[in-house]
Amino acid sequence: GLSASKLKHLMISPRNYRWNEDHPNLTVSGSMALGTAAHTAILEPERFVDLYKVYEGTRRGKAWEAFQEENCYSEILTASEYADVCGMRDAIRSHPAAARYLQNGVAEVTIQWVDPSSGRAFKGRVDWVTVVDGRLTLVDLKTTRDSSPRKFGADAYRLGYHIQFGLYVDGWYHLTKETPRFVVLAVESKGPFEPAAFDVPEDVLMQGHEEYMG
């Protein structure tokens, strides 16, 4: 099935899509790895404790090599990276507008469906699914450089987040016949780790739908 990331490549051109399918990026940037660690710490805290280990020293020499060997099945963070992840976690969890969506729910929910009008197969993984104020809500967690509404909104459009949001809402509807609310929780990746909660409006979801279906 087509995921949101694959759709973005396909929307550039079929050649771009094929190139990225044939040449997957096997390297993960430091910011991406830190974002993944923050997702785990915020949404799956027990898994975070099991999966991540902290190395206090410099990453060279025999001590570092021995630590890597002892923790070969774990993800390793430096002390400063761990502090940043905990800062993001604590900021979101203590922010009233964001925390209300994280009190109860299920993390990392995979959905797969076939769009009846086009016959296309799609897939996605929703960060968090919950019920707030009696309404089913899909939650997406984003780490960002700037969580202010204007800057985050501009970055979200530039990065094509609306395509992902529209795709997930459509997928959920196709599977359940229920239209969910969609909320984005954003947190800055550096101190003071400013958090924010955004209710994605219908027109943004519709634009995402129109772009990926086009």
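Give me the distance between the Cα centres of region 155-190 and region 100-126, rounded to whole Å. Each part reduced to its Cα centre gives a spacing of 10 Å.
Hey, got the dipole for the chain? About the Cα centre, +1 on K and R Cβ, -1 on D and E Cβ, debye to the nearest 20? Don't skip to the end; give the middle numbers.
Numbers: 24 positive and 29 negative charges, 72 e Å.
The dipole magnitude comes to about 340 debye.
Can you tell me what percent of all Cα-Cα pairs in region 145-191 are more than 16 Å apart? Summing the P(r) tail past 16 Å for region 145-191 gives 48 percent. Sorting Lys62, Lys6 by solvent-accessible area of protein heavy atoms yields Lys62, Lys6, largest first, with a 1.4 Å probe. Summed over all non-identical Cα pairs, the Kirkwood treatment of the chain gives a radius of 18.7 Å.
Quick one: pull the percent of accessible area on the chain belonging to carbon and sulfur, 1.4 Å probe, ligands and nucleic acids left out. Don't skip to the end; give the middle numbers.
Values: 6380 of 12150 Å².
Summing carbon and sulfur atoms, their accessible area is 52 percent of the total for the chain.
For Arg47, the accessible surface of its heavy atoms amounts to roughly 120 Å² (probe 1.4 Å, protein chains only, rounded to the nearest 10).
Site pair Arg47 and Ser148 shows an inter-label distance of 3.4 nm when each label is modelled 7 Å from Cα along Cα→Cβ. Largest first, the residues Val187, Val49 sort by 1.4 Å accessible area into Val49, Val187.
Skip the ligands, DNA and RNA, and give the accessible area per residue of region 127-214 with a 1.4 Å probe, whole Å². Show your work: numbers first, answer last.
Working: 4180 Å² over 88 residues.
On a per-residue basis, 47 Å².
Here the extension length gained between Gln103 and Leu136 equals 10.5 nm, from 0.36 nm per residue of separation less the Cα-Cα distance.
Multiplying the residue separation of Ser5 and Lys123 by 0.36 nm and removing their Cα-Cα distance gives an extension gain of 41.4 nm.
Taking the C-alpha atoms only, the angle from helix 61-70 to the longest principal axis of the chain is near 50 degrees.
Can you give the relative contact order of the chain as a percent, counting alpha carbon pairs under 8 Å and 6+ residues apart? Don't jump to the answer; show the numbers that get you there.
Working: 307 pairs, mean separation 43.1, N = 214.
Contact order relative to length: 20 percent.
Looking at region 109-190, the pairs of alpha carbons with a distance over 22 Å make up 31% of the total.
Set the Förster distance to 35 Å, then compute FRET efficiency between Glu70 and Leu159 from the Cβ-Cβ distance, nearest 0.05. Taking R0 as 35 Å, the efficiency between Glu70 and Leu159 is 0.40.
The lysine pair count for the chain, using Cα distances under 26 Å and pairs eight or more places apart or on different chains, is 16.
The values are calculated or read from the model by the stated rules, or taken from the named source; none is laboratory data. Small disclaimer: the values here were computed from a predicted structure and weren't measured. When we count neighbours, we look across all protein chains shown, and the Cβ atoms used for this are built from the backbone with ideal geometry, even at glycine. Accessible surface areas use protein heavy atoms only, side chains included; no ligands, DNA or RNA. Shrake-Rupley method; radii C 1.70, N 1.55, O 1.52, S 1.80 Å.
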